[in-house]
1. Over the chain, what is the percentage of antiparallel beta bridges among all DSSP beta bridges, to the nearest 5?
2. Among Thr212, Gln318, Val307, pick out the residue whose Cα is farthest towards the positive end of the charge dipole of the range 208-339, where Lys and Arg carry +1 and Asp and Glu carry -1 on C-beta, about the Cα centre.
3. For the range 143-169 and the range 203-241, what is the centre-to-centre distance using only Cα atoms, to the nearest Å?
4. In what sequence, highest mean first, do 291-304, 23-36 appear when ranked by Cβ atoms within 10 angstrom?
5. What is the dipole size for the range 246-288, taken about its Cα centre, with +1 at each Lys and Arg Cβ and -1 at each Asp and Glu Cβ, in debye to the nearest 20?
6. Given the Cα atoms of the chain, and with Rh set as the inverse mean 1/r over their pairs in the Kirkwood sense, what is Rg to Rh to two decimals?
7. Considering all projection directions equally, how large on average is the shadow of the alpha-carbon convex hull of the range 135-253, in square nanometres?
8. Give me the lysines in straight-line cross-link reach of Lys69: C-alpha distance below 25 Å, same-chain residues under 8 apart excluded.
Amino acid sequence: MVGSAIVNALQNWGYSNIITRSHNELDLTNRQAVRSFFEAERPERVYLAAAKVGGIHANNTYPAEFIYKNLMIEANVIHEAWKVGVQKLLFLGSSCIYPKLAPQPMAEDALLTGTLEPTNEPYAMAKIAGIKMCESYNRQYGTDYRSVMPTNLYGPGDNYNLMNSHVIPAIIRKLYLAKLASEQNWVAIEADEGMSGPIPKDIRTQLHNICTLQLNPCANIWGDGTPRREFLHVDDMARACIHVMELNKQAWRAHTQPMSSHINVGTGTDCTIRELAETIARVIGYDGRLTFDTSKPDGSPRKLLDVSRIQRMGWSAQIGLEDGLASTYCAYRTRNLEY
């Protein structure tokens, strides 16, 4: 999702000699493969958007995969980029690097000041290592490696698999499926499963009951709905990445700490998960019930970034949440219809 948005944004800025690789073409956890890629291509700049990502369920279920794959990806790419002389690199991190109970909004200097949120600690530790790797190469080798810490991202191209998706695609898909069931459109439900991944057994049973017994539509959301989250459209994130990369070193250092390589990227506003679900319901046209499963984890009580530094650098988000959700849902529906 993020990589595609960055490529589109670079093209809009007039860049044409853009080198990309899919996971099928290049395994970034394979050091020799990464080395061969950099020796052959020798890029001038690198945007490191690749990562193993997922929601609370995925982070809880596969902690070893999350820490191993992310550590290997960033170690291989950053080191091999330096070896072939890449002077400018942008590493994409995550707002989960900050302590669970960090003061809100979370400023860049909150890093390593407290205990991390347990549900995604392995992922967060890997991202912190990536930041420190960039800082260490800058310190020892004089490179210009920078890191951006985005808040929760969403947009076209997101992952809608209910076993490992983030909160926005999960809620979009759950409400969309419940709406289809209320319309007795099981054909469309099966088409959605073919495109977006398997429907868990409990949700399938619920959809079947709505569709065949004509029960009132109902969609179940993880947690109690009270945690507050900040959401950034991926196109805004892509613009931020290029904005940060285009800044000269003097402009970058004017707003960052000595040798620091990371900066927050977000909207500066948040909402509760309940408010998010209600907004998505309006966008989709879903008028059924929303229920909240308090047996499922909530994660951090609040995650809001202090984005004053990047705003002083001349960047701010442009896409409002409801407008962004509408375009995301439109892209999701279009993809399903094409399937």
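1. Working: 2 of 26 bridges.
Taking every DSSP beta bridge with both residues in the chain, the antiparallel ones total about 10 percent.
2. Towards the positive end, the residue furthest out is Val307.
3. Centre-to-centre (Cα) distance: 16 Å.
4. For the peptides 291-304, 23-36, the packing ranking is 291-304, 23-36.
5. In total the dipole reaches around 300 debye.
6. Working: Rg = 20.5 Å, Rh = 21.0 Å.
In the chain, Rg relative to Rh is 0.98.
7. In nm², the orientation-averaged hull projection of the range 135-253 is 10.5.
8. Lys52, Lys83, Lys88, Lys100, Lys127, Lys132, Lys303
Coordinate-derived values only; no laboratory data. Just so it is clear, the structure is predicted and the values come from calculations on it, not from any experiment. When we count neighbours, we look across all protein chains shown, and the Cβ atoms used for this are built from the backbone with ideal geometry, even at glycine.
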